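Structure first, commentary second.
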Ligand code: C2E
Ligand code: MG
Ligand code: MG
């Protein structure tokens, strides 16, 4: 897996909750700022109305005084002012300063009423002071540097100053007059209580201000002691807005948190889905690789990766149905989970293969353990005969590439179907094999296009008269770089990857072409056999397909023989039988190649209407007990003859073998004794010598 892809998959599997959290924080910040802004705006509006209202009241008083200054006596004027004081609740007291004695009237302003204040009064016509004395005589509450500092003038001890941490708004100063409050509750207690502000009586919150207004009357100022405080309506309105926005914030926080929780839940579910194998309900390969990597990297134990295969799974599915097959895999997975240790892992990786991460001490104990697992799996299925094979690859380092280790374990799984359990440990030659296979697969198509495959013909001689009477077509590959490659090194690979279908067609077509050319030259044709790989038997219309190729060259069918390898007889017998029958009906000869090399030769003889059997070369090679071997060969020939079949003996290298076979009534002999496989030109010279 490329690093990029690895990262992408990991990213998909991880829980990227942070975007949702960031989204939540941003949303909340927006809602909070909006709420704060609207609250501040409404507070500003309310305060503005309050200030304007007081300013209007003061202006009305100033106007009234200006209008009546010369008309009324000072006493009447004072009465008029008293009536204003009564009717305007925000104005506590009105003073007339007609002798420029503001500091005398308000000694608490002695430090503040300076030349700058005078200049302001002159130019703007009014100046306002915070009434420090009035506010301080009871309780002052300062906000400074983010801390609330309380000082209470009538508290006795030195302890009367409290520092309260506060992250609240940065008012420069708020003053509280707890006159009423102090009477009703224990002030000290209230001050210790952080909820003091909330509890402070409405009436007690107010800002005491001394306002000085210039008038049109020369040398006369009007001074007001005002208290800026919210009335009940304003306060309620403000509180309602505040509560509304608080609720909005709480609701949105709850909504956003629910969203994030839901997302986490969804992600966990998705992750589970991504790591679950849909057939067994257990873990899948991706999860195995991740989990195994984690476990191995801890480096606590010795681990080996095992690829355990249930053999003939396809066969099982054919017999019992795919559903039953999947149920079987599910059961095997569940059983293996039970049999594994805590830090060991099992996952279904492909078809009927499971990957296991097993801890182990040495090769022997691990083999016993795997065998045990196989036995238990089989026992738990009662009477059913299950066969397993396993490839084992030990983990060499804690930083290893687990997927490569698993691939190696997979490579070690025996390729041929076995009738008994088998365990194979990976070794480096398997890797070389794999590299070779890759190379062959990369080049095979180009090789077919470039005619790198050549037809060789190996003559078959009759025992009577020792005359060239037939031949077998054998492929040879001359690779431009690797040189000559023998069929044993590429045919099994082509059989696995299916390329053999194309190669066999190529060989058949070449032979048909050759036969047609020789026929046209008036030469007496001999039957030439071509090998037909078992892979062809997956096609229903194999006979028609072969017929089509041969007929293209109008070659009489009796001159083409088809050699089926014995391994083809393990596959679907009915398809094989129908194909053989059809081929015979079309007039082709059908032979069984390598007879005696497999398991069920005699059975095949019984079931298939074959024309020829080719005795495997091994009969003549293993010469431990010649007599025994000769007896078997002799009896097989007799049996085949009785069944009306022709006999060809392969791999014959000596005169003795030829004589023996001739005595046993064998029909044809193919082997180095008479000739090696020959290039077409050489074969032509041998088969059709030019008579001088
Ligand atoms: P086969 O069909 O049984 O072919 C006989 C093999 O035995 C040939 O090996 C041949 O060269 C070899 N042989 C013949 N006489 C003697 C002898 O006296 N002594 C010894 N030691 N060997 C002898 P080759 O050509 O290497 O082919 C091996 C196998 O490859 C063939 O076995 C056949 O199964 C497969 N094969 C070859 N060509 C093709 C083809 O075109 N298509 C398919 N499907 N398989 C092919
Ligand atoms: Mg053959
Ligand atoms: Mg053979």
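The values are calculated or read from the model by the stated rules, or taken from the named source; none is laboratory data. Fair warning: this is a prediction, and the values are worked out from it, not measured in the lab. Reconstructed Cβ throughout: ideal geometry from the backbone, glycine too, with neighbour counts over all protein chains shown.
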Exercise. Answer yes or no as to whether residue 674 is modelled with pLDDT of 95 or more and part of a loop (DSSP other than H, G, I, E, B).
Key: yes
Quiz item: Being assigned by TED's automatic domain parsing to the domain that holds residue 646, within 16 Å of ligand 2 (Cβ to nearest atom) and under 19 Å from residue 550 (Cα atoms), is that true of even one residue in region 480-496?
Solution: no
Practice problem: Determine which member of the set 647, 632, 669, 613 is in the same structural domain as residue 528 (by TED's automatic domain parsing), within 55 Å of the chain's Cα centre (by Cα) and either in a strand (DSSP E or B) or more than 16 Å from ligand 2 (Cβ to nearest atom) (or both). | Solution: 613
Quiz item: Taking residue 561, is it touching a strand residue (DSSP E or B) at 6+ places or on another chain (Cβ under 6 Å) and modelled with pLDDT of 95 or more?
Solution: yes
Quiz item: Quick one: which of 543, 535, 516 is more than 16 Å from ligand 3 (Cβ to nearest atom), over 53 Å from the mean Cα position of the chain (by Cα) and either in a helix (DSSP H, G or I) or not assigned by TED's automatic domain parsing to the domain that holds residue 614 (or both)?
Solution: 516
Quiz item: Any residue at all in region 88-97 that is loosely packed, with under 11 Cβ neighbours inside 10 Å and out of contact with any strand residue (DSSP E or B) (no Cβ under 6 Å at 6 or more places or on another chain)?
Solution: no
Quiz item: Of the residues in region 419-440, how many are surrounded by 13 or more Cβ atoms within 10 Å (Cβ to Cβ) and over 22 Å from residue 395 (Cβ atoms)?
Solution: 5
Quiz prompt | Only one of 448, 419, 457 that is in contact (Cβ under 8 Å) with a residue 24 or more places away in the chain and within 26 Å of residue 330 (Cβ to Cβ) | solution = 419
Quiz item: Is one or more of the residues making up region 311-331 closer than 23 Å to residue 428 by Cβ and in contact with a helix residue (DSSP H, G or I) (Cβ under 9 Å, 6 or more places away or on another chain)?
Solution: no
Self-check item: Residue selected from region 520-535 under the condition crowded, with 16+ Cβ neighbours inside 10 Å and farther than 13 Å from residue 557 by Cα, by the criterion modelled with the highest pLDDT
Solution: 531
Quiz item: Do we have residue 469 as surrounded by 13 or more Cβ atoms within 10 Å (Cβ to Cβ), within 10 Å of ligand 1 (Cβ to nearest atom) and over 43 Å from the mean Cα position of the chain (by Cα) here?
Solution: no
Self-check item: Subset of region 341-365 (residues that are in contact with a strand residue (DSSP E or B) (Cβ under 9 Å, 6 or more places away or on another chain) and not in a strand (DSSP E or B))
Solution: 341, 343, 344, 351, 352, 360, 363
Exercise. Quick one: count up the residues across region 443-466 that are within 16 Å of ligand 1 (Cβ to nearest atom) and over 28 Å from residue 671 (Cβ atoms).
Key: 4
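Here is a yes/no grid of residues against (1) modelled with pLDDT under 90; (2) in a helix (DSSP H, G or I); (3) exposed (fewer than 12 other Cβ atoms within 10 Å of the Cβ):
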{"site": "62", "(1), (2), (3)": "no, yes, no"}
{"site": "76", "(1), (2), (3)": "no, yes, yes"}
{"site": "100", "(1), (2), (3)": "yes, no, yes"}
{"site": "117", "(1), (2), (3)": "yes, yes, no"}
{"site": "120", "(1), (2), (3)": "yes, yes, no"}
Self-check item: Yes/no for residue 685 being within 16 Å of ligand 1 (Cβ to nearest atom) and either surrounded by fewer than 18 Cβ atoms within 10 Å (Cβ to Cβ) or in contact (Cβ under 8 Å) with a residue 60 or more places away in the chain (or both)
Solution: no
Quiz item: Can you find a residue in region 448-462 that is more than 16 Å from ligand 3 (Cβ to nearest atom) and part of a helix (DSSP H, G or I)?
Solution: yes
Quiz item: Of 351, 294, 285, which residue is more than 17 Å from residue 389 (Cβ to Cβ) and without any contact (Cβ under 8 Å) to a residue 60 or more places away in the chain?
Solution: 294
Quiz item: Does residue 597 satisfy the criteria of being assigned to a loop (DSSP other than H, G, I, E, B), under 25 Å from residue 534 (Cβ atoms) and either within 16 Å of ligand 3 (Cβ to nearest atom) or within 55 Å of the chain's Cα centre (by Cα) (or both)?
Solution: yes
Self-check item: Residue count, region 606-618 (criterion: touching a helix residue (DSSP H, G or I) at 6+ places or on another chain (Cβ under 7 Å) and free of Cβ contacts under 8 Å to residues at least 24 places away in the same chain)
Solution: 0
Quiz item: Scanning region 650-661 for residues that are touching a helix residue (DSSP H, G or I) at 6+ places or on another chain (Cβ under 7 Å) and in a loop (DSSP other than H, G, I, E, B), which turns out farthest from ligand 2 (Cβ to nearest atom)?
Solution: 652
